[in-house]
Each structure stands twice: as C-alpha cells, then as structure tokens.
1. Each residue of segment 143-153 in order: what ³J(HN,Hα) in whole Hz does its phi give by Karplus 6.51 cos²θ - 1.76 cosθ + 1.60, θ = phi - 60°, with x for Gly and Pro?
2. Given N residues in segment 67-231, what is its alpha carbon radius of gyration divided by 2.2 N^0.38 Å?
3. With the crude spin-label approximation of a point 7 Å out along Cα→Cβ, what separation in nm comes out for Ala173 versus Ala232?
4. Whole-Hz Karplus ³J(HN,Hα) for segment 219-234, in order, using 6.51 cos²θ - 1.76 cosθ + 1.60 and θ = phi - 60°, x for Gly and Pro?
5. Any idea what the dipole of segment 155-227 comes to, in debye rounded to 20, about its Cα centre with Lys/Arg Cβ at +1 and Asp/Glu Cβ at -1?
6. Of the chymotrypsin sites (Phe, Trp or Tyr not before Pro) in segment 79-161, which ones lie in a loop per DSSP and count no more than 13 other C-beta atoms within 10 Å?
7. How far, in nm, would the chain grow between Lys108 and Asp96 when pulled straight, counting 0.36 nm per residue and subtracting the alpha carbon separation?
8. Can you compute the FRET efficiency between Gln128 and Ala193 using 1/(1 + (r/R0)^6), with r the Cβ-Cβ distance and R0 = 22 Å? Round to the nearest 0.05.
Amino acid sequence: MRISRMFPLFGLVLTVGCAAVETTAAPTAAILSTEFPSPTGAALPIEIPSQTATILPAAIPSPSPEIVMMIDDFEGTETFWTVCTDPECADSSAVDVTLTADHASHGKQALKLNFKKNDRPKAVFYLQKTMDLSAGGAVRFDIFNPGTVDGVGFALTTGPDSIWYESDSVPVAEGKTTPLSFDLTAGNYKTLATNWEFRASLAHLDNVTRLSIIIYPKATGAVYLDNLRLVAAP
C-alpha cells in the first residue's frame, strides 16, 4: 500500500519539473523573435542584426613612387655643378652657375645656368659625380626658359673609358617651366663609336661619372634648372 501511494507524488514532481523547464525556455523564444512583449502585453519590434557580411569598399592601391633617385634638387647652400669650357668643350659658351630662389619647381631653390650667345653653338653644364642610374628608365628635370634658348640636350659620361653619350636637342616652351624626360633605354644617343650619329644605346649606366645639361642659346642670358631625378619609366 505504501508503494502505491508514492506514484501520485512522483507524478506531481514530474509535472512541476516540466513546468519549470517551460518557464525558463520562454524568454529565449521571445528574444529570438522579431517582437518582444512589453509590460502592457503589446508586442514591441526589436531589430535583429543581419547575418549578411558587410561589404567594405575596395582599397585603392597607392601609386608606385615615380622617383627612383633624386639626383639634385638644389636645396643646399652650395652646388657642385660647373661649366664646361676650353679646352674640353671648345663649342661651349657657358659662363657660370648660381643657386637661386627664382623659378624653383621643387623646394625653394633652383640652379641658374648663365651663358652667352656667340659663335659657339652650345652651353654645357655638368655635375661630376659617380652615380648608378641602372635602376631607372629615364632622367627627368624641369627647365624654365625666359626666352633665351632654342633647345635643351642631355649627356652622360659612363664607364671606365669615360664614353660621352649625347642626346639630340628638344624644344622648351618660352615663359614657363617645362618638364623634360630623356629615355635611358632608347637607342638614339650619339657617341664617337657611331661617328656622332644618333643611334647609340647607353652603356655602363651603373658607372656614370658625369651628367651634363646642354643648352642651345638663343640669346645671352640664363635658364633655370630644378628637380633633377631618376625615374622608373621613360
């Protein structure tokens, strides 16, 4: 008889236990729904975060730097540039060079190249310095022409035998700064080996001993040189 009386009590325990489980599960169901019961019994909407992945804008790659090496920006208190005259440059009418704040295209200073107009067709200015230009594709610089020149050229002296390679003249606009570029990979330089015809390719770019700027004077005066650099592409 004692055993038979325990069954109703056991059933009552099971019933209470099930009710407790259902009570604790109810809030979870409410949180997962799009409505949450308010104290008044009205359903209040709640926002469920979207599971869609946020799409971020694609990063814009920064451009590769143009400059491989700054050869000279003329920002110092002195310059190592000089003029080529007799006896080495019998065809040059270059006079001298000075640092100036006039017509600087990069920084605060430029190099003023002074020359005369006479029976000598060129004015040659140069930087005597050992340089490795083999990592670049072109030499670029800026020229301000106040109306004194017909054109500008470029030359390199390279290798253990100091071979001179000279470009043809290129025009420069009057009254403004003109960026000029000389392709180091081109086969249009003249040298002794080509009988001074413009069909040579530059050699020994890893051993440049002199860089020259060649001015073709239109009148006695000056031009302004700045931002001389080695760049990656012509």
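Read-outs: derived from the displayed coordinates by stated rules, not from any lab. Computed from a predicted structure; not experimentally measured. Glycine also receives a Cβ, built like all others from the backbone with ideal geometry; neighbour counts cover every protein chain displayed.
1. After applying 6.51 cos²θ - 1.76 cosθ + 1.60, I find 10, 9, 10, x, x, 9, 10, 8, x, 9, x Hz.
2. Relative to the rule-of-thumb radius for its length, segment 67-231 sits at 0.96.
3. So the two model labels end up 2.7 nm from each other.
4. With coefficients 6.51, -1.76 and 1.60, one gets 7, 5, x, 7, 10, 10, 10, 7, 6, 7, 8, 9, 10, 6, 10, x Hz.
5. Dipole of segment 155-227, to the nearest 20 debye: 160 debye.
6. Sparse-neighbourhood loop chymotrypsin sites (Phe, Trp or Tyr not before Pro): Phe80.
7. Stretched fully, the Lys108-Asp96 segment lengthens by 2.3 nm.
8. 0.45
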